[in-house]
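Undergrad: Provided herewith is a single structure, encoded as structure tokens, for subsequent inquiry.
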Amino acid sequence: MSASSLMLHACCAPCAAPVIEYLTGRGERPLVFFSNSNIDTREEYDRRFAELGRYCDALGVELVGDGYDHQAWLDAVKGLENEPERGARCLRCFRFRLERAAAFARERRCTLLTTSLAQSRWKSLEQVNEAGSAACGDSPRWWNANWRK
């Protein structure tokens, strides 16, 4: 795999770290894309992005941040505020973030997209993969990896 053929959507440093370590351990250099407008405040978004940046810098992996647009995210999940964890709001949130990731992957001509969301035991793998597959369509190809240990 070439350095730019694989893009990893990263939800946060703790979830992305094992995925990045696995990929770099195989000699791959994913493009890491941080798109998380679901984070409640700009300050928290910036804190999480900076921590992921510190980690990516240490491994020599490129990190790109999506623009923070919490209002667009709120609009996307409007009407689903009372959904439980793993409910319809989660699926819509995943779609919102992975659609942005897929669009950026197409711009950068990445051929494969995956996400660290599939690392968290708190997330539904079925929802993550449904959102990723829908976001990618024909390009880039969705890699429905189960990153859980």
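The values are calculated or read from the model by the stated rules, or taken from the named source; none is laboratory data. The structure displayed is predicted, hence computed values, not measured ones. All Cβ positions, even for glycine, are placed from backbone atoms using ideal geometry, and neighbour counts span all protein chains on display. When the accessible area is computed, the model is the full protein with side chains, heavy atoms only, and any ligands, DNA or RNA have been set aside. Shrake-Rupley method; radii C 1.70, N 1.55, O 1.52, S 1.80 Å.
Undergrad: Suppose every K and R has +1 on its Cβ and every D and E has -1 on its Cβ; what is the size of the dipole of the range 1-76 about the Cα centre, in Debye to the nearest 20?
TA: 300
Undergrad: Under a Cβ-Cβ cut-off of 11 Å, what is the net charge of the residues other than Asn144 that fall near it, where Lys and Arg count +1 and Asp and Glu count -1?
TA: Net charge around Asn144: -1.
Undergrad: Put +1 on the Cβ of each Lys and Arg and -1 on the Cβ of each Asp and Glu in the range 95-139; which of Phe104, Gly137, Leu125 then has its Cα farthest toward the positive end of the dipole?
TA: Phe104
Undergrad: So, one more: Enumerate the calculated ³J(HN,Hα) couplings along the range 84-97 in order (Karplus 6.51 cos²θ - 1.76 cosθ + 1.60, θ = phi - 60°), each rounded to whole Hz, writing x wherever the residue is Gly or Pro.
TA: x, 4, 6, x, 4, 5, 4, 4, 5, 5, 4, 4, 4, 6
Undergrad: With +1 assigned to the C-beta of every Lys and Arg and -1 to the C-beta of every Asp and Glu, and no other charges, what is the dipole magnitude of the chain about the Cα centre in debye, to the nearest 20?
TA: Approximately 400 debye in magnitude.
Undergrad: Which FRET efficiency, nearest 0.05, do Glu107 and Lys149 yield, Cβ-Cβ r, R0 41 Å?
TA: Calculated transfer efficiency: 0.80.
Undergrad: A further question on this structure: How tilted is helix 125-136 with respect to the longest principal axis of the chain? Cα atoms for both, answer in degrees (0 to 90, nearest 10).
TA: 80
Undergrad: Go ahead and estimate [θ] at 222 nm for the chain from helices alone: -39,500 (n - 2.57) per DSSP H run with n ≥ 4, summed, over the residue count, rounded to 500.
TA: -15000 deg cm²/dmol
Undergrad: If you roll a 1.4 Å probe over the chain with all protein chains in place, what percent of the accessible area is carbon or sulfur?
TA: Whole-percent figure for carbon plus sulfur exposure: 47.
Undergrad: Tell me the per residue accessible area of the range 1-88 using a 1.4 Å probe; a whole number in Å² is fine.
TA: It amounts to 51 Å² per residue over the range 1-88.
Undergrad: Please check which bits of the range 12-45 a label hung off Glu81 would reach, taking the label as a point 7 Å along Cα-to-C-beta and the cut-off as backbone N under 20 Å.
TA: Residues 37-42 fall inside that zone.
Undergrad: Helix 42-59 versus the longest principal axis of the chain: what angle, 0 to 90°, nearest 10, using Cα atoms?
TA: Orientation of helix 42-59: about 20 degrees from the principal axis.
Undergrad: Starting from the Cα gyration tensor of the chain, take the square roots of the eigenvalues, sort them a ≥ b ≥ c, and report rounded, prolate or oblate (rounded when a/c is under 1.5, otherwise prolate if a/b is larger than b/c, else oblate).
TA: Judged from the Cα gyration tensor, the chain comes out prolate (a/c at least 1.5, a/b above b/c).
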